[in-house]
Amino acid sequence: MPEGDSVHRLARRLDRALRGQPVVRSDLRVPQLATTVLAGTTVLEHATHGKHLLTRFDDGRTLHSHLHMDGEWTVTAPGKRLPTRVAHEVRLVLVLGTGATAWGLRLHDLRVVPTARERDLVGHLGPDPLRDDWDAEEAVRRLGADPARPLAAALLDQRLVAGLGNLWANELAFLIGASPWTPVGEVDLPALVDRAARALRRSATVPGAYQVTVPPVLPGRPRRGEEHWVAGRAGRSCLRCGTTVRVVAERPGDPERRRTWWCPTCQPGPGPEPGR
């Protein structure tokens, strides 16, 4: 799932391939950037804020991109190209001095702005556990500003804490033993924020730990299908207590109601509808 840890890992991978490389040809295949030229610049680095990727160049500009649910970056070796069948999905081409090519497929929210004005695009976001300027106290303050808001909905709001997507909202609710619809003001927020930050950092930086929330019984990764406590496990037995994991479908057009999994036994509290 493209959450903050996904984008952080992508940024590190792109840094290994692009950092310090001159751009000899660029092609931005979106109408608003059709005349933008990045050729002649050098890639400085890739930074992230939540789910947003910031590619910085040495001429003082930044390319902003967002993966949403289907975006992808890939790099091909010199002389290699992408299959013709995906050509219509290409939104960005950067040919590097090494002859390698970076391709952006199905990228969203592509913008080029002065690096000094990146905040115009990401300044609304909350603190990000994967950034050097992470501020846990500010995250607690923002999450607690609306104490009646359901826990999962608050965790998904990128203005409060950046980088937590639906997987982490569901898994964190399980890990603290609270229904996803528990009012966030009833939760130990400092403990929740600390746990969320540690989980996201581990997923982003520890080999083999990417989006794995269940500790393995033996060294290595958990068995296939048992990487998560509740996410994606509807109708299966809870790995902790054996109760059947339940799911409620996403409500189209309602950002407060994404697909939500929970164990009614391990996560006591309100259900998806009032009184349940």
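Quick notes
- Scanning region 14-25 for residues that are surrounded by fewer than 14 Cβ atoms within 10 Å (Cβ to Cβ) and in a helix (DSSP H, G or I) yields a single hit, 16.
- Breaking point among (1) over 30 Å from residue 228 (Cβ atoms); (2) in contact with an Asp or Glu (Cβ under 6 Å, 6 or more places away or on another chain), for residue 66: (1)
- Check on residue 7, surrounded by 13 or more Cβ atoms within 10 Å (Cβ to Cβ), more than 27 Å from residue 157 (Cβ to Cβ) and modelled with pLDDT of 95 or more: no
- Residues of region 26-55 that turn out to be in a loop (DSSP other than H, G, I, E, B) and more than 25 Å from residue 131 (Cβ to Cβ), as a count: 8
- Just one of the listed residues (37, 30) is over 30 Å from residue 210 (Cβ atoms), surrounded by fewer than 19 Cβ atoms within 10 Å (Cβ to Cβ) and outside the structural domain of residue 201 (by the TED database), and it is 37.
- Extreme residue, farthest from residue 127 (Cα to Cα), among residues of region 40-57 that are open to solvent by 30 Å² or more (accessible area, probe 1.4 Å) and without any contact (Cβ under 8 Å) to a residue 24 or more places away in the chain: 40
- Tally of residues being open to solvent by 40 Å² or more (accessible area, probe 1.4 Å) and among the small types (Gly, Ala, Ser) across region 61-80: 2
- Taken over region 139-155, residues that are out of contact with any strand residue (DSSP E or B) (no Cβ under 9 Å at 6 or more places or on another chain) and within 24 Å of residue 215 (Cα to Cα) amount to 1.
- Filter result for residue 231 (in a loop (DSSP other than H, G, I, E, B) and in contact with a Leu (Cβ under 9 Å, 6 or more places away or on another chain)): yes
- Every condition in (1) touching a helix residue (DSSP H, G or I) at 6+ places or on another chain (Cβ under 8 Å); (2) of a type in the set (Gly, Ala, Ser); (3) closer than 28 Å to residue 272 by Cα holds for residue 136 except the one numbered (3).
- Every residue from region 89-134 that is of a type in the set (D, E, K, R) and either part of a helix (DSSP H, G or I) or open to solvent by less than 30 Å² (accessible area, probe 1.4 Å) (or both): 89, 117, 118, 119, 120, 128
- Test result for residue 86, more than 16 Å from residue 17 (Cα to Cα), surrounded by fewer than 14 Cβ atoms within 10 Å (Cβ to Cβ), in the same structural domain as residue 38 (by the TED database) and touching a residue at least 12 places away in the same chain (Cβ under 8 Å): yes
The values are calculated or read from the model by the stated rules, or taken from the named source; none is laboratory data. Treat the numbers as computed from the prediction; the structure is a model and nothing was measured. With ideal geometry, Cβ positions are generated from the backbone for all residues, glycine too; neighbour counts draw on all protein chains shown. Keep in mind that these areas ignore ligands, DNA and RNA; they rest on the heavy atoms of the full protein, side chains included. Shrake-Rupley method; radii C 1.70, N 1.55, O 1.52, S 1.80 Å.
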